[in-house]
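Take a look at the structure set out below.
The values are calculated or read from the model by the stated rules, or taken from the named source; none is laboratory data. Keep in mind that what you see is a predicted model, and the values were worked out from it rather than measured. Because the Cβ atoms are built from the backbone with ideal geometry, glycine has one as well, and the counts that use them run over all protein chains shown. Ligands, DNA and RNA are excluded from the accessible area calculation, which covers all protein heavy atoms including side chains. Shrake-Rupley method; radii C 1.70, N 1.55, O 1.52, S 1.80 Å.
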Amino acid sequence: MARAKRVITIHVKDDREKEEFMRELERLNVPAFIYVHGKLDSLKINVQGTKDEIKEALGKIHAIHNRVRAKLYPDRRGMYHYYPDDLFRDAGTSVSLPVLMKSLELLGESAEFDESRGELITSAPWEEIVSLVRKLGEALAEISLQTTRQIREVILPVSAAFGLDPEEVIDLLVDLGVAEWKEDKFKYELIKNKEQALEAVLNHLRGDNGED
């Protein structure tokens with residue numbers, strides 16, 4: 001099939017956007033040959049290959065640029081749009097979305113997940129949320145073998161939001177009577193449901209004992 005060439009220009013607002021775009025572009029795996037020439041506020045991208053290869057590459061290049069802009073710049077509501085896979089890749093670890101979203105909520109950030117687009121939509125900037133995922137990943141590694149999934153969905157967000165060691169949160173849950181050690185399973189698990197356990201520990205940490 002005949003080879004062809006297409007040149008497009010991607011405009012960027014600043015060096016940060018340029019660096020993020022180039023970093024994502026380097027990960028792109030397509031048959032077409034791609035050559036990039038950077039300028040002050042733009043990137044000239046030369047794509048060579050068959051028409052189908054060029055079409056595929058251009059589609060992915062534009063998709064990359066849209067994702068980079070969505071994660072670097074807030075929308076009209078002040079929200080950022082992230083793909084969890086991108087987030088976990090940059091953080092070098094991963095946690096469940098319920099844990100991440102509850103952690104953001106406890107930290108005072110807005111968070112929702114658009115299942116149709118596969119996007120996490122949050123008020124937290126990229127660097128902050130990457131740092132949060134790393135902290136959650138480290139805490140998860142500490143307690144994963146001795147906890148059930150459900151209790152982790154309480155321990156990890158509380159640990160992140162209040163700056164507590166995850167072991168401290170486990171001890172607190174036990175002291176509050178909402179979790180216990182199961183000898184037969186060699187794991188800590190909740191006695192009450194997740195919502196009740198979370199409410200109990202948050203009330204304690206915030207100094208609200210439900211008394212007048």
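Would you pick out the residues in the range 139-154 that are among the hydrophobic types (A, V, I, L, M, F, W, C) and out of contact with any Leu (no Cβ under 7 Å at 6 or more places or on another chain)?
Looking only at the range 139-154, we keep the residues that are among the hydrophobic types (A, V, I, L, M, F, W, C), and these are 139-141, 143, 145, 151, 154.
Once the filter is applied, which keeps residues that are among the hydrophobic types (A, V, I, L, M, F, W, C) and out of contact with any Leu (no Cβ under 7 Å at 6 or more places or on another chain), the range 139-154 yields ALA141, ILE143, LEU145.
So, ARG67, is that one open to solvent by 70 Å² or more (accessible area, probe 1.4 Å) and free of Cβ contacts under 8 Å to residues at least 24 places away in the same chain or not? Don't jump to the end; show me each part of the working.
Details: open to solvent by 70 Å² or more (accessible area, probe 1.4 Å): yes; free of Cβ contacts under 8 Å to residues at least 24 places away in the same chain: no.
In short, no.
Among the residues that make up the range 187-196, is at least one of them closer than 24 Å to ARG134 by Cβ, modelled with pLDDT of 95 or more and not in a loop (DSSP other than H, G, I, E, B)?
Checked the range 187-196: at least one residue is closer than 24 Å to ARG134 by Cβ, modelled with pLDDT of 95 or more and not in a loop (DSSP other than H, G, I, E, B).
Could you name every one of the strands (runs of 3 or more DSSP E) located completely within the range 1-76 that has at least 2 residues being outside the structural domain of ASP114 (by the TED database), under 28 Å from ALA124 (Cα atoms) and touching a Phe, Trp or Tyr at 6+ places or on another chain (Cβ under 8 Å)? Before you say what the answer is, go through the steps one by one.
Working: elements: 4-11, 33-38, 42-49.
Result: empty, no element qualifies.
In the range 83-140, how many are within 17 Å of VAL169 (Cβ to Cβ) and not charged (D, E, K, R)? Steps first, please.
First pass over the range 83-140, keeping only residues within 17 Å of VAL169 (Cβ to Cβ): 95-96, 98-100, 102-103, 105-107, 132, 135-140.
With not charged (D, E, K, R) added as a condition, the list becomes 95-96, 98-100, 103, 106-107, 132, 136-137, 139-140.
Of the residues in the range 83-140, 13 are within 17 Å of VAL169 (Cβ to Cβ) and not charged (D, E, K, R).
Looking at this structure, is THR93 open to solvent by less than 20 Å² (accessible area, probe 1.4 Å) and on the phi < 0 side of the Ramachandran plot?
Values: open to solvent by less than 20 Å² (accessible area, probe 1.4 Å): no; on the phi < 0 side of the Ramachandran plot: yes.
It is false that THR93 is open to solvent by less than 20 Å² (accessible area, probe 1.4 Å) and on the phi < 0 side of the Ramachandran plot.
Within the group GLU20, GLU26, which residue is among the charged types (D, E, K, R) and open to solvent by less than 40 Å² (accessible area, probe 1.4 Å)?
Values: GLU26 fails: open to solvent by less than 40 Å² (accessible area, probe 1.4 Å).
The conditions single out GLU20.
Mind listing whichever residues of the range 195-206 are in contact (Cβ under 8 Å) with a residue 40 or more places away in the chain and surrounded by fewer than 16 Cβ atoms within 10 Å (Cβ to Cβ)? Outline the logic, then answer.
Residues of the range 195-206 in contact (Cβ under 8 Å) with a residue 40 or more places away in the chain: 197-198, 201-202, 205.
The answer is LEU205, and nothing else.
Restricted to the range 78-88, and to residues that are assigned to a helix (DSSP H, G or I) and in contact with a Lys or Arg (Cβ under 9 Å, 6 or more places away or on another chain), which residue is surrounded by the fewest Cβ atoms within 10 Å (Cβ to Cβ)? Break it down stepwise before answering.
Quick first cut of the range 78-88, residues assigned to a helix (DSSP H, G or I) only: 84-88.
Within this subset, residues satisfying the condition of being in contact with a Lys or Arg (Cβ under 9 Å, 6 or more places away or on another chain) are 86-87.
Values: ASP86: 17, LEU87: 20.
Per the criteria, the residue is ASP86.
Within the range 102-130, can you find the residues that are in a helix (DSSP H, G or I) and open to solvent by 50 Å² or more (accessible area, probe 1.4 Å)?
Looking only at the range 102-130, we keep the residues that are in a helix (DSSP H, G or I), and these are 102-106, 126-130.
LYS102, GLU105, GLU127, GLU128, listed by residue number.
Which of the residues belonging to the range 29-62 are open to solvent by 40 Å² or more (accessible area, probe 1.4 Å), more than 14 Å from ILE8 (Cα to Cα) and among the hydrophobic types (A, V, I, L, M, F, W, C)?
LEU40, the sole residue that qualifies.
If you take the residues in the range 155-191 that are among the small types (Gly, Ala, Ser) and surrounded by 16 or more Cβ atoms within 10 Å (Cβ to Cβ), which one is farthest from ALA124 (Cα to Cα)? Walk me through it before giving the result.
We begin by selecting, within the range 155-191, every residue among the small types (Gly, Ala, Ser); these are 159-161, 163, 177, 179.
Applying the additional criterion that residues be surrounded by 16 or more Cβ atoms within 10 Å (Cβ to Cβ) yields 159-161, 179.
Details: SER159: 18, ALA160: 14, ALA161: 14, ALA179: 31 Å.
For the range 155-191, the residue satisfying everything is ALA179.
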